[in-house]
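Participant: Attaching a single structure in structure tokens format; questions to follow.
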């Protein structure tokens, strides 16, 4: 057991660190985190953005890796990138590697339904979030990733 108000959660493929909570396991998301959502499926894109807005995040959307890279070459302010792994044209893993060139210290979370992809996600310097996930898990992973910053040094 940990201290009250502190949660340490350990799972493969994830950065872990103590997280300050509001009590009873509620994670406190940084106010108005600016999230770049990279998702080619329109329904998933809309659902994810709606969920992030409920978490008080501001979202910017890219339909794939190429669109996201164009955004990263602009002065747009972002705190974190949340990307699907399987997308047409450019995988999330390839996108993450190229995104590091534009924004070397940007934290990136890659979402995958394939547990075998976790090693490749980690090798890209990203944090893996396995599907299916709950809203609480998404919030916890984003909070941990923001608290820890980029895995690249």
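Participant: Which numbered condition trips up residue 103, out of (1) at pLDDT 95 or above; (2) closer than 16 Å to residue 146 by Cβ; (3) within 13 Å of the chain's Cα centre (by Cα)?
Facilitator: Evaluating residue 103 over (1) at pLDDT 95 or above; (2) closer than 16 Å to residue 146 by Cβ; (3) within 13 Å of the chain's Cα centre (by Cα) leaves (3) as the failure.
Participant: I'm trying to understand the selection: among the residues of the stretch 137-153, which are in a helix (DSSP H, G or I), in contact with a strand residue (DSSP E or B) (Cβ under 8 Å, 6 or more places away or on another chain) and farther than 22 Å from residue 41 by Cα?
Facilitator: Those that are in a helix (DSSP H, G or I), in contact with a strand residue (DSSP E or B) (Cβ under 8 Å, 6 or more places away or on another chain) and farther than 22 Å from residue 41 by Cα: 140, 143, 144, 145, 146, 147.
Participant: Just to check your reading of the model, which residue among 83, 124 is modelled with pLDDT under 95 and either within 15 Å of the chain's Cα centre (by Cα) or surrounded by 21 or more Cβ atoms within 10 Å (Cβ to Cβ) (or both)?
Facilitator: Of 83, 124, the one residue that is modelled with pLDDT under 95 and either within 15 Å of the chain's Cα centre (by Cα) or surrounded by 21 or more Cβ atoms within 10 Å (Cβ to Cβ) (or both) is 124.
Participant: May I pose another question? Starting from the stretch 124-144, take each residue that is without any contact (Cβ under 8 Å) to a residue 40 or more places away in the chain and list its partners that are in a loop (DSSP other than H, G, I, E, B), counting only C-beta distances under 6 angstrom and pairs at least six apart or across chains.
Facilitator: 125/151; 125/152; 131/113
Participant: Hey, can you tell me all the residues within the stretch 100-121 that are over 20 Å from residue 134 (Cβ atoms), touching a helix residue (DSSP H, G or I) at 6+ places or on another chain (Cβ under 6 Å) and not in a loop (DSSP other than H, G, I, E, B)?
Facilitator: Answer for the stretch 100-121, where residues must be over 20 Å from residue 134 (Cβ atoms), touching a helix residue (DSSP H, G or I) at 6+ places or on another chain (Cβ under 6 Å) and not in a loop (DSSP other than H, G, I, E, B): 102, 108, 120.
Participant: Can you tell me which of 69, 36, 48 is surrounded by 11 or more Cβ atoms within 10 Å (Cβ to Cβ), touching a strand residue (DSSP E or B) at 6+ places or on another chain (Cβ under 6 Å), modelled with pLDDT of 95 or more and part of a helix (DSSP H, G or I)?
Facilitator: 48
The values are calculated or read from the model by the stated rules, or taken from the named source; none is laboratory data. Please read these numbers as outputs of a predicted model, since none were measured by experiment. Don't worry about glycine lacking a Cβ; one is built from the backbone with ideal geometry, like all the others, and counts go over all protein chains shown.
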